[in-house]
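This report refers to the structure that appears directly beneath it.
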Amino acid sequence: MALVILAHPNFQNSFANKIIIEELLNSNMGIEVRNLFDLYPDYNIDVKAEQTALLEHTTIVFQYPFYWYNMPAILKQWFDVVFEYQFAYGSKGDKLKGKNFLASFTVGAPKNGYQTLGDHHFPILDFCKNIEQTAYYAKMNFIDPIYFHGTSTAAGYSAEEITRSAKEHSKRLILCLEELNRELLTTL
Ligand SMILES: Cc1cc2nc3c(=O)[nH]c(=O)nc-3n(C[C@H](O)[C@H](O)[C@H](O)COP(=O)(O)O)c2cc1C
């Protein structure tokens, strides 16, 4: 089943990501969640433990809040040390080949800001080119990211709206994981 790499610097106070994780765990899909901040509050990532977890799964979900048009720093650190030479890339670096790479994240600001004349100027997927190429370089299957806009109460979103969006997001994510599972079963 899927492995979820959860990277949230303040998960205790999370609203949106917490709902998504709860919905995933309630789906009874046998999902394993690795909460990077619980495991490595000092950013001292156990590379072998992370690589072992990757080897045991076919689909890897990266769950995080969108921070400064990117992923939180601990997840970048995770990629820097876990996707190492001769593991993720290099002449013998095919250990992740064929695995599914699925980014699932929450975006604070509304969608209308993510266009040429908006505050954020570019659509969200433009900010995902780095992870897309990371997946390709590791010979993984890059699955279209799943995300939603409007997680910020400061931007005027109510708890009810955020809850509804997070639950819709979770449904899309679970449907995607079920589809990936079906594809896997047909190849066995
Ligand atoms: C350090 C930081 C950087 C952020 N950067 C962005 C950003 O670049 N674009 C955006 O739309 N929202 C940004 N946000 C808002 C987060 O995406 C939002 O707080 C998060 O999706 C909410 O999820 P949560 O309820 O699980 O914490 C940022 C928030 C923080 C704390």
Query raised in the report: If contacts are Cα pairs under 8 angstrom and at least 6 residues apart, what is the relative contact order of the chain in percent?
Result: 24
Requested in this report: Give the cross-link partners of K129 among the aspartates and glutamates, using a straight C-alpha distance below 17 Å as the criterion and excluding same-chain residues fewer than 8 apart.
Outcome: D80, D144
Report summary line: Computed over the chain: longest principal axis from alpha-carbon atoms vs helix 16-26 long axis, angle to nearest 10 degrees, is 50
**Report entry** Compactness of the chain as Cα Rg over 2.2 N^0.38 Å, two decimals
**Finding:** 1.02
Query raised in the report: Anyone know which of L102, L39, L75 comes out most mobile in the 10 Å Cα GNM of the chain?
Result: L39
Query - Cβ-Cβ FRET estimate between Q86 and D38, R0 fixed at 30 Å, reported to 0.05 - result: 0.55
Query - Helix-only mean residue ellipticity at 222 nm for the chain, each DSSP H run of n ≥ 4 adding -39500 (n - 2.57), per residue, nearest 500 - result: -12000 deg cm²/dmol
Report task. Report, by chain and number, residues whose modeled amide H sits under 5 Å from the one on Y147, excluding near sequence neighbours (fewer than 5 apart, same chain). Result -> F105
Requested in this report: Exposed loop chymotrypsin sites (Phe, Trp or Tyr not before Pro) only (DSSP loop, at most 15 other Cβ atoms within 10 Å): please give the longest stretch of the chain free of them, not including the sites.
Outcome: 70-188
Requested in this report: Give the order of V33, V61 when sorted by the count of other beta carbons within 10 angstrom, beginning with the fewest.
Outcome: V33, V61
Query - Top positive-direction residue, dipole computed over the chain with Cβ charges, set I21, G108, H57 - result: H57
Report summary line: Answer in debye to the nearest 20: the dipole magnitude of the chain about its Cα centre, from +1 Lys/Arg and -1 Asp/Glu charges placed on Cβ, is 280
**Report entry** Listed residue pairs exceeding 25 Å between alpha carbons, taken from K48/K99; K139/K167; K76/K99; K99/K171
**Finding:** K139/K167
Report task. Report, to the nearest 10°, how far helix 73-82 tilts away from the longest principal axis of the Cα atoms in the chain, using its own Cα long axis and a range of 0 to 90°. Result -> 10
Query raised in the report: When Lys and Arg each count +1 and Asp and Glu each count -1, what net charge do the other residues less than 14 Å away from E178, Cβ to Cβ, add up to?
Result: 0
Requested in this report: At most 10 other Cβ atoms within 10 Å and a DSSP loop assignment: could you name the GluC sites (Glu not before Pro) in segment 49-126 that fit?
Outcome: E56
Query raised in the report: For the Cα atoms of the chain, what angle does the longest principal axis make with the long axis of helix 159-187, in degrees from 0 to 90, nearest 10?
Result: 20
**Report entry** Lys/Arg +1, Asp/Glu -1 at C-beta; segment 115-165 dipole; positive extreme among T134, L117, T153
**Finding:** T134
Query raised in the report: DSSP loop trypsin sites (Lys or Arg not before Pro) in segment 21-127 with at most 16 other Cβ atoms within 10 Å of their Cβ, which ones?
Result: K92, K97
Query raised in the report: Considering amide H positions built from the backbone, and no H for Pro or chain starts, which residues 5 or more places from A2, or on another chain, come under 5 Å of its amide H?
Result: E32
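Every read-out reported here was derived from the displayed coordinates using simple, explicitly stated rules and does not represent laboratory data. Since the model is a prediction, treat every value here as computed from it, not as a measurement. Positions of Cβ are generated from backbone atoms using ideal geometry, with glycine treated the same way; all protein chains shown enter the neighbour counts.
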